[in-house]
Amino acid sequence: MSHSGDQNRGSFSSKFGVIAAAAGSAVGLGNIWKFPYITGEFGGGAFLFVYLGFIIAIGLPIMISELMIGRRGRQNAFGSFKVLAPNSKWRVTGLFGVVAAYLILSFYGVVAGWSLHYAVEALVGNLSDRTPQEFEVLFTSFIEKPVLPVLWQLLFMVITSVIVLLGVQKGIEKYSKILMPVLVIILVVLVVRSITLPGAGKGLEFLFKPDFSKFNMEGVLSALGHAFFSLSLGMGTLITYGSYINKKNNLGKTALQVTLADTIIALLAAMAIMPAVFAFDIAPGSGPGLVFMTLPNVFQQMPGGQFFSILFFVLLSVAALTSSISILEVIVAFFVEEFKLNRKVATLLAGITTAIVGVFCSLSMGILNFPAFIGKNLFDTLDFLASNVFLPLGGLLIALFVGWYYGKKKTLQELTSEGKYKVKFINSLMWSLKYIAPLAIFVVLIYGILENLETYLKVEILPW
Ligand code: TRP
């Protein structure tokens, strides 16, 4: 396998295209749907601060590592490890990634389907003249249905597969470029409306004033897992995308820009939602329905509310789409390069199989709602296993790989594009990859999982 770029592989056409695609992958349901509700569940400010700490100390270094591995290996997540570490076991990291991609895409498609449905509800005027309680019922009765949410989920998976089929430039890059900036604008408008609602101050306080008394190791694990989830790390998405980036790109800078964009959008989403949660007396720990139950109240109180609500749910679906294609792409690139399948067959296979698991995920909100694993239904199980086990584990292996195996010299060579750029952060980067990230992930993973078990089994395992 040649090292220096293979003419048959897709690639990104411009610097902006790279950032748009990587940011398109990072910014998604994780930022707008998940971040606000888990922040609510784990007490607000304390969670936010721990999350930001993980983003800087662990997320950014691992993002740089993934892009570096991919661009050097010029292969899918599994194949890149084969190129960089021939005849070693490191390639298993890539396999974990493919499994994680399956877990994530299954429930991701379900939530994206909800968001498509809400776009249509907004369009036909169903999201107006309701009380906050009515919005709650509207949401819960919808997701429990056996057929409608499944149809939306399947539609979303079809769209995802078609775009992946179109390939890197025509599909992934083109769509990311236009729609990301529009999303930011609408979020800013929402924040302005939300923080000027009567009673909104309490929401901002909840979000920015840390109360560590409600915070525990489960929260720390979720913050870590979400840092990985939100930045699209730990399963080879950015290895795969890195393999499409040309040698002149300044990877450190790209990673920093993507991290900043992702974090700012998550903060904007939380600032749009939390004040409204308090203004309309909704529980901040309401779970996966929080966005869907909260924001319609805000739209209702805005001039042009219907227009904004349509736009918002369409853009949320689009943000989900630019992320879901990056998840499916991990599986497809793996199938194509490792099993020599043609791209069409690989996409069809990956799309159909993830959609099937997704159907069960959707049904687990209603007729199949029973505990699949430590008291969680299938939907929550896949989310938990992916974000809180597989991604941190993948991140741990990637940090160890670059920190201890691949080493500073070759990393520096790649990050400077053979001497073209200055990389002043190399020592802090290596320090994080060798020590901070592996240790922190290891400790948080063990304690977090034990605490989850404690809660489930109602026994004391840990000394506190
Ligand atoms: N980061 C995306 C979001 O926040 C989801 C996502 C895309 C992802 N690719 C990933 C999560 C890879 C983990 C790993 O919605």
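The values are calculated or read from the model by the stated rules, or taken from the named source; none is laboratory data. For clarity, every value in this text was computed on a predicted model and none was experimentally measured. Cβ atoms come from the backbone with ideal geometry, glycine included; neighbour counts cover every protein chain shown. Just the protein is used for accessible areas: all its heavy atoms, side chains included, with ligands, DNA and RNA removed. Shrake-Rupley method; radii C 1.70, N 1.55, O 1.52, S 1.80 Å.
Observations on the model:
- The residues listed here are 437, 372; of these, the one that is modelled with pLDDT of 95 or more and small (Gly, Ala, Ser) is 437.
- Number of the condition not met by residue 376 [criteria: (1) of a type outside the set (Ser, Thr, Tyr); (2) within 30 Å of residue 447 (Cβ to Cβ); (3) open to solvent by less than 40 Å² (accessible area, probe 1.4 Å)]: (3)
- Single residue of 450, 396 found to be at pLDDT below 95 and either at negative phi or surrounded by 19 or more Cβ atoms within 10 Å (Cβ to Cβ) (or both): 450
- Some residue of the stretch 192-199 being modelled with pLDDT under 95, open to solvent by less than 40 Å² (accessible area, probe 1.4 Å) and within 24 Å of the chain's Cα centre (by Cα): no
- Total residues in the stretch 415-464 satisfying the condition of being in contact with a Gly (Cβ under 7 Å, 6 or more places away or on another chain) and in a loop (DSSP other than H, G, I, E, B): the figure is 2.
- The residues of the stretch 399-416 that are open to solvent by less than 20 Å² (accessible area, probe 1.4 Å) and in contact (Cβ under 8 Å) with a residue 60 or more places away in the chain, listed by number, are 399, 401, 402, 406, 411, 414, 415.
- All helices (runs of 4 or more DSSP H) inside the stretch 156-265 with 2 or more residues being within 16 Å of the ligand (Cβ to nearest atom): 174-195, 217-230, 237-242
- All positions within the stretch 204-231 that are surrounded by fewer than 24 Cβ atoms within 10 Å (Cβ to Cβ) and not charged (D, E, K, R): 204, 206, 208, 210, 212, 213, 215, 216, 217, 219, 220
- Within the stretch 114-140, residues that are at positive phi reach no partner that is of a type in the set (Phe, Trp, Tyr) and open to solvent by less than 30 Å² (accessible area, probe 1.4 Å) with beta carbons closer than 8 Å at six or more positions or on different chains.
- Restricting the stretch 70-107 to residues that are within 15 Å of the ligand (Cβ to nearest atom), open to solvent by less than 20 Å² (accessible area, probe 1.4 Å) and aliphatic (A, V, I, L, M), the residue that is nearest to residue 406 (Cα to Cα) is 77.
- When residues in the stretch 122-135 are screened for being part of a helix (DSSP H, G or I) and either buried (at least 19 other Cβ atoms within 10 Å of the Cβ) or among the aromatic types (Phe, Trp, Tyr) (or both), 2 of them pass.
So that you can scan it fast, the table gives a plain yes or no per residue for (1) of a type outside the set (Val, Ile, Thr); (2) without any contact (Cβ under 8 Å) to a residue 24 or more places away in the chain; (3) in contact with a His (Cβ under 6 Å, 6 or more places away or on another chain); (4) over 24 Å from residue 270 (Cα atoms):
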site	(1), (2), (3), (4)
91	yes, yes, no, yes
107	yes, no, no, no
144	yes, no, no, yes
148	yes, no, no, yes
183	yes, no, no, no
201	yes, no, no, no
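- Residue selected from the stretch 13-43 under the condition away from the ligand (no atom under 16 Å from the Cβ) and in contact with an Asp or Glu (Cβ under 8 Å, 6 or more places away or on another chain), by the criterion modelled with the highest pLDDT: 42
- The single residue among 21, 26 that is touching a Leu at 6+ places or on another chain (Cβ under 7 Å) and buried (at least 24 other Cβ atoms within 10 Å of the Cβ) turns out to be 26.
- The stretch 318-366, subset open to solvent by less than 10 Å² (accessible area, probe 1.4 Å), over 20 Å from residue 232 (Cβ atoms) and over 20 Å from the mean Cα position of the chain (by Cα), residue farthest from the ligand (Cβ to nearest atom): 364
- Residue check, residue 153 in a helix (DSSP H, G or I), within 16 Å of the ligand (Cβ to nearest atom) and at pLDDT 95 or above: yes
- Here residue 98 clears all of (1) part of a helix (DSSP H, G or I); (2) over 18 Å from the mean Cα position of the chain (by Cα) except the condition numbered (2).
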